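The structure appears below as structure tokens.
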Amino acid sequence: MALTAKEIWAVFHGMILGGGFLLSFSAGLAGLYSLRQGWLSVDGIKERVQRMKWYTSIMAVISFLTVFSGTYLVYPWYRATAPEGADLALYPRNFLLADPNLAGWHTFGMEWKEHVAWLSPILAFAVAYLVVKYGTELSKNQSLRRITIALLILAFAAAAVAGLLGALITKAAPII
């Protein structure tokens, strides 16, 4: 089995970067949830916060790279306009829009991926900012920690829906 250059970039975008973000979410969530004064010593909180600063910053960068690579590397190949009489299987957007049963994958799925997916890196950077700025204060301030966790969950939700839609759209009309 051989992959084309476009397929390699699509795998890098979705499986490597996207998968990396989705997996790093669990580390961020577990770290934030367990960042409680009653559960950790003072030294444990300091050590955990140092790791959380790195984890959330790296997660935010991965989230940005995922959405950026999808928007500026993979999406233009998806969006390419088919010349008259061309094989629509080579032009995913045209292929989906030509079939009324598949058109929804473009009209809803790709619109989500084009616009709403950008919420993920924005929210992930907000989480990283809060962790870096407030550090050990997150262990003392339950409301701040809960807000940070909520932002992290929203970043995950936007990315998860975009990833699922991307996988389903690629199944219906792959970029080859």
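Which of the residues belonging to region 1-13 are outside any helix (DSSP H, G or I) and open to solvent by less than 70 Å² (accessible area, probe 1.4 Å)?
4
Under 6 Å by Cβ, and 6 or more places apart or on different chains, what pairs join a residue from region 150-171 that is within 11 Å of residue 14 (Cα to Cα) with one that is of a type in the set (S, T, N, Q)?
So the pair list comes out as 159/120.
Does region 101-138 hold any residues that are surrounded by fewer than 18 Cβ atoms within 10 Å (Cβ to Cβ), among the aliphatic types (A, V, I, L, M) and over 15 Å from the mean Cα position of the chain (by Cα), and which are they?
Passing the criteria: 102, 103, 132.
In region 14-53, what count of residues is obtained for those that are of a type outside the set (Ser, Thr, Tyr) and not in a helix (DSSP H, G or I)?
Residues flagged as of a type outside the set (Ser, Thr, Tyr) and not in a helix (DSSP H, G or I) within region 14-53 amount to 6.
Kindly indicate the residue of region 42-100 that is aromatic (Phe, Trp, Tyr) and open to solvent by 60 Å² or more (accessible area, probe 1.4 Å) and also nearest to the chain's Cα centre (by Cα) among those meeting that condition.
64
The values are calculated or read from the model by the stated rules, or taken from the named source; none is laboratory data. Not measured: the values here are computed from a predicted model. Every residue, glycine as well, gets a Cβ built from its backbone with ideal geometry; the counts of neighbours run over all protein chains shown. When the accessible area is computed, the model is the full protein with side chains, heavy atoms only, and any ligands, DNA or RNA have been set aside. Shrake-Rupley method; radii C 1.70, N 1.55, O 1.52, S 1.80 Å.
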